[in-house]
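K.L.:
Take a look at the following structure, please.
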């Protein structure tokens, strides 16, 4: 966790998150607090919020053209709640609402724009509802005003979906209310019958009977969802769990109506009303539980990608989630563009294979739009972000079919298969029970039939996998280990071989030593080298770049050759950096001037050789402990593109002798993994995504280790931030425990169903109790899996 | 003793009125926001007239 997380806001005292605002060395959690603080400071005489002073505060300038589209009538129509007689209302989602000072500030924006009549904040939903006069101001003005005071609304046309969802909730609550009301009253009406030991007068029986029957009709309306869903699924020729429930409700109602009208009994009105009431209550409870479990306010598990941002001529690394509209980003060779942007540099060569699948690079000129997911090839480009970073979009691209790997076995497939046969089994068992009991006691037969239909719950099968793996993924994400999707957890557990790349993965570039040997370089030559290496994300290039002083120049032409090096052209001068064989071709003298544990980078400027850079790689802290721990259960292999010089050192550090191969070109790595997989092994490859793209794709689980780059290899299954590489054994263990959790939950659900069927068949379970047990079981299964995963994580010290 | 039937009818009808009131409240978004009003009252009321009158305009 960053230190910044613990700083309390100077005004309200809440903890500031990463995007805290700094002002005069004080930190504020949000814009509202900053404004209020300034107000209180400026008008120190009064000790209360002075609204009139709001006008004096200068808001942040807003890009004028950005919200131009809000003037279009079609867009306005979609976003406004209503627009009548010049008065319009809009509900906007403001993600920056944070504390009570925000509420105060936002509910007083009418002071800042005369056209705004009223504004009302819903704090929990982070929404503001603005009523404004269309003759004095416009939707665009409202949005621009909110942006300028730091509460930029998150606009999307999918806001329409949110409206539907809200209406659904209202309907459900109404139905629960009706069902509950009728249930309680029917229970009261049933009391005289129960308490009278059969001596109740006929008049009462008849009257109360019809009253109960009448009260049951609204309950049927409340349970209408089940009928609708069952009917829909029959139309689609598909058996869903709503069918048994609908049959159960129907048969209880028909039996009740028959008994009351013919006067043969009290009917099942109380059971029926209770059944529907508890089912609906279960639905509400489920919704709330699932919603809480899947909505995390401090959702920090973003892509652990970092990107280079240029601000006031200063370059800094930021995480990809901090990318904002208007930021100037520098994208180097092989890096991914994280959000839709405009190209500032003259031209760019983009590989859209991640987005469209087409590997042919596209040339883009200055001022044209670049879509997120594009990979830059060639020299560094500068671009300006025009759309917010959407992690979900990149994740969707990542999960595209093109990059999908074939999976043989998956627990989810098993669950789906069982679920399909489950409902058939339930219908068969219930009919069996009905037929058996019909001979003995008709009333009991109805009881048994309905109870079986209601108590059966396959929900666990459908819910276990997403909730267990979802929690696991979230815990991984908090630890900067971002998995592509649920299935990866299962694959991780099945691994028997782990392959590590050396440079950049086992070694830590930041702390390695670099020195130069050879002819003295003048300023110009150093500048050329710095300019060339600036465009490369290879660890060695970055080290050389950091080693040299001076300002880099823009280059005309740049390309990298895998396994050899890089070549750049600046105003006609050609610069090359790379391996010995490439810079000194044909020079095969056996004199090996590389010392153990050192790597050498040669270079030439206009074919003139000067000398070499010698890099002594430093291994990451604790990396050998991890390798040793892993070697207890998995086979460890090291593949490196580097020279053999480190072999002895590495062997000395490892407890068990491991297989090591050096001077591996990307193709060699790919072939090696291919062979391993063909011979039946399950391979996990850990590399830096740069030269290992093919290898990562081929392996069962490919983990791309990232540092200060946004090198993204879509063939990988997971991204791991280099600082958390040491947690790899813990990740493996949590994966294993999660799969256990899934099996346990399946077992529990199965046991529950068996016990439920047993009791129902013996006529020991009333439909009422069954109705309570059914949603209870699904909620308890979900809670169990989530809590167990969290508990396991805590024990492994991952959470 | 049969007066009890009339009593049951009347009290049930009264209860139904409350049910209808509940349905109206849910439809009218009364339960939409259960948190913000508690914070809102803490802010100082500078302009009393404006706030009260515009409340009625909001649906």
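The values are calculated or read from the model by the stated rules, or taken from the named source; none is laboratory data. Computed from a predicted structure; not experimentally measured. Cβ sites come from the backbone with ideal geometry, for glycine too, and all protein chains shown count toward neighbours.
K.L.:
So, residue A:769, is that one over 19 Å from residue A:630 (Cβ atoms) and surrounded by 20 or more Cβ atoms within 10 Å (Cβ to Cβ) or not?
P.N.:
Yes: the conditions hold for residue A:769.
K.L.:
Just checking, how many residues over segment B:29-59 are more than 10 Å from chain A (Cβ to nearest Cβ) and at pLDDT 80 or above?
P.N.:
Within segment B:29-59, residues that are more than 10 Å from chain A (Cβ to nearest Cβ) and at pLDDT 80 or above number 2.
K.L.:
Give the residues of segment A:632-641 that are assigned to a loop (DSSP other than H, G, I, E, B) and either touching a helix residue (DSSP H, G or I) at 6+ places or on another chain (Cβ under 6 Å) or free of Cβ contacts under 8 Å to residues at least 40 places away in the same chain (or both), sorted by residue number.
P.N.:
Of everything in segment A:632-641, those that are assigned to a loop (DSSP other than H, G, I, E, B) and either touching a helix residue (DSSP H, G or I) at 6+ places or on another chain (Cβ under 6 Å) or free of Cβ contacts under 8 Å to residues at least 40 places away in the same chain (or both) turn out to be A:632, A:633, A:640.
K.L.:
Can you report the number of residues in segment A:88-118 which are without any contact (Cβ under 8 Å) to a residue 60 or more places away in the chain and facing another protein chain (nearest Cβ under 10 Å)?
P.N.:
6
K.L.:
Let me ask something else. Can you name the number of the only condition in (1) at pLDDT 80 or above; (2) in a helix (DSSP H, G or I); (3) more than 11 Å from chain B (Cβ to nearest Cβ); (4) under 30 Å from residue A:29 (Cα atoms) that residue A:187 fails?
P.N.:
(4)
K.L.:
Sticking with this one: Taking residue A:599 as the residue in question, decide whether it is modelled with pLDDT under 80, in contact with a strand residue (DSSP E or B) (Cβ under 6 Å, 6 or more places away or on another chain) and within 24 Å of residue A:544 (Cβ to Cβ).
P.N.:
yes
K.L.:
Still on this model: Counting only residues that are buried (at least 17 other Cβ atoms within 10 Å of the Cβ) and in a loop (DSSP other than H, G, I, E, B), how many does segment A:663-686 have?
P.N.:
The total comes to 2.
K.L.:
Quick test for you: out of A:177, A:214, pick the one residue that is facing chain B (nearest Cβ under 9 Å), in a helix (DSSP H, G or I) and either closer than 14 Å to residue B:15 by Cβ or in contact with a strand residue (DSSP E or B) (Cβ under 8 Å, 6 or more places away or on another chain) (or both).
P.N.:
A:177
K.L.:
Could you list, in sequence order, all residues of segment A:126-140 that are surrounded by fewer than 17 Cβ atoms within 10 Å (Cβ to Cβ) and either facing chain B (nearest Cβ under 10 Å) or out of contact with any strand residue (DSSP E or B) (no Cβ under 9 Å at 6 or more places or on another chain) (or both)?
P.N.:
The one that is surrounded by fewer than 17 Cβ atoms within 10 Å (Cβ to Cβ) and either facing chain B (nearest Cβ under 10 Å) or out of contact with any strand residue (DSSP E or B) (no Cβ under 9 Å at 6 or more places or on another chain) (or both): A:135.
K.L.:
Does residue B:20 count as more than 7 Å from chain A (Cβ to nearest Cβ), at pLDDT 80 or above and more than 30 Å from residue A:201 (Cα to Cα)?
P.N.:
Spelling it out, residue B:20 is indeed more than 7 Å from chain A (Cβ to nearest Cβ), at pLDDT 80 or above and more than 30 Å from residue A:201 (Cα to Cα).
K.L.:
What's the number of the condition residue A:526 fails, among (1) surrounded by 23 or more Cβ atoms within 10 Å (Cβ to Cβ); (2) out of contact with any strand residue (DSSP E or B) (no Cβ under 7 Å at 6 or more places or on another chain); (3) within 30 Å of residue A:378 (Cβ to Cβ)?
P.N.:
(1)
K.L.:
Within segment A:64-87, take every residue that is out of contact with any helix residue (DSSP H, G or I) (no Cβ under 9 Å at 6 or more places or on another chain) and not in a helix (DSSP H, G or I) and give me the one that is farthest from the other protein chains (Cβ to nearest Cβ).
P.N.:
Step by step, filter segment A:64-87, then rank; the result is A:65.
K.L.:
Looking at the structure I just gave you, is residue A:228 away from chain B (no Cβ under 14 Å) and out of contact with any strand residue (DSSP E or B) (no Cβ under 7 Å at 6 or more places or on another chain)?
P.N.:
yes
K.L.:
Of the residues that make up segment A:558-569, is at least one part of a helix (DSSP H, G or I) and surrounded by fewer than 19 Cβ atoms within 10 Å (Cβ to Cβ)?
P.N.:
No: segment A:558-569 contains no residue that is part of a helix (DSSP H, G or I) and surrounded by fewer than 19 Cβ atoms within 10 Å (Cβ to Cβ).
K.L.:
Considering only segment A:197-206, I want to know if a residue exists there that is surrounded by 17 or more Cβ atoms within 10 Å (Cβ to Cβ), within 14 Å of chain B (Cβ to nearest Cβ) and touching a residue at least 40 places away in the same chain (Cβ under 8 Å).
P.N.:
Yes: segment A:197-206 contains one or more residues that are surrounded by 17 or more Cβ atoms within 10 Å (Cβ to Cβ), within 14 Å of chain B (Cβ to nearest Cβ) and touching a residue at least 40 places away in the same chain (Cβ under 8 Å).
K.L.:
Turning to a different aspect of this structure: When only residues in segment A:611-631 that are outside any helix (DSSP H, G or I) and crowded, with 16+ Cβ neighbours inside 10 Å count, which is nearest to the chain's Cα centre (by Cα)?
P.N.:
This residue is A:620.
K.L.:
Same structure again: Condition test on residue A:451, is it within 32 Å of the chain's Cα centre (by Cα) and touching a residue at least 60 places away in the same chain (Cβ under 8 Å)?
P.N.:
Against the criterion (within 32 Å of the chain's Cα centre (by Cα) and touching a residue at least 60 places away in the same chain (Cβ under 8 Å)), residue A:451 does not qualify.
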